[in-house]
1. Under 6 Å by Cβ, and 6 or more places apart or on different chains, what pairs join a residue from segment 129-149 that is in a helix (DSSP H, G or I) with one that is hydroxyl-bearing (Ser, Thr, Tyr)?
2. Restricting the search to segment 12-46, which residues are touching a strand residue (DSSP E or B) at 6+ places or on another chain (Cβ under 9 Å) and among the acidic types (Asp, Glu)?
3. Only residues that are of a type in the set (Lys, Arg), more than 13 Å from Glu26 (Cβ to Cβ) and at pLDDT 95 or above: list them for segment 38-71, please.
4. Considering only residues that are surrounded by 14 or more Cβ atoms within 10 Å (Cβ to Cβ), among the β-branched types (Val, Ile, Thr), free of Cβ contacts under 8 Å to residues at least 40 places away in the same chain and out of contact with any His (no Cβ under 9 Å at 6 or more places or on another chain), which ones fall in segment 26-51?
5. Under the condition of being acidic (Asp, Glu) and exposed (fewer than 15 other Cβ atoms within 10 Å of the Cβ), which residue from segment 1-25 is modelled with the highest pLDDT?
Amino acid sequence: MTVEIVVSTTIAADKHQVWKAIEDIESHITWMAEAVSITFLSEQRSGVGTEFECLTRIGPWRTIDKMRVTEWEPGSAIGIEHRGLVAGSGHFTLQEAGQRSTEFCWRENLTFPWWFGGRLGERVGRGVLVKIWRNNLTKLRTQIEDGLT
């Protein structure tokens, strides 16, 4: 079964500033609590076709999430295919939300491994990820608004 997770935030910055903060994939570890490190598998580091591994840690659990960029629209969107233990797709989108404000939406459709505990495991996993990713977006928003990125 696929689990859909959607979190979003409004950032007091224009789309160009927000894009500048997220286009450097390697820098995602500065605002994603679960992302320990990123290792590129392709020579390219941005754009469609970029491949990388992300060492991911949630509590005592660690996994290497293999990812490939499937969409790259400068200033608007990044799409990711997950090919690790947890499979699926992710999508960041940026939309203008008024004068000098940007709505950042993070959408994931994930399939957990069968041994994760079925529907109960998916519900628990979804709840944990929603909490972590909301905190991640708060941290990203703060970094951008404080001019740290």
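The values are calculated or read from the model by the stated rules, or taken from the named source; none is laboratory data. Because the structure is a prediction, the values reported are computed rather than measured. Positions of Cβ are generated from backbone atoms using ideal geometry, with glycine treated the same way; all protein chains shown enter the neighbour counts.
1. Filtered contacts from segment 129-149: Leu137/Thr9; Arg141/Thr9; Gln143/Thr149.
2. Asp14, Glu23, Glu26, Glu34
3. Initially, segment 38-71 is screened for residues of a type in the set (Lys, Arg), giving 45, 57, 62, 66, 68.
Subset that is more than 13 Å from Glu26 (Cβ to Cβ): 57, 62, 66, 68.
Result: Lys66, Arg68.
4. If the condition is that a residue be surrounded by 14 or more Cβ atoms within 10 Å (Cβ to Cβ), among the β-branched types (Val, Ile, Thr), free of Cβ contacts under 8 Å to residues at least 40 places away in the same chain and out of contact with any His (no Cβ under 9 Å at 6 or more places or on another chain), then Ile29, Thr50 are the ones that fit.
5. At the first step, the residues of segment 1-25 found to be acidic (Asp, Glu) are 4, 14, 23-24.
From what is left, the residues that are exposed (fewer than 15 other Cβ atoms within 10 Å of the Cβ) are 4, 24.
Values: Glu4: 93, Asp24: 96.
Going through the qualifying residues, I end up with Asp24.
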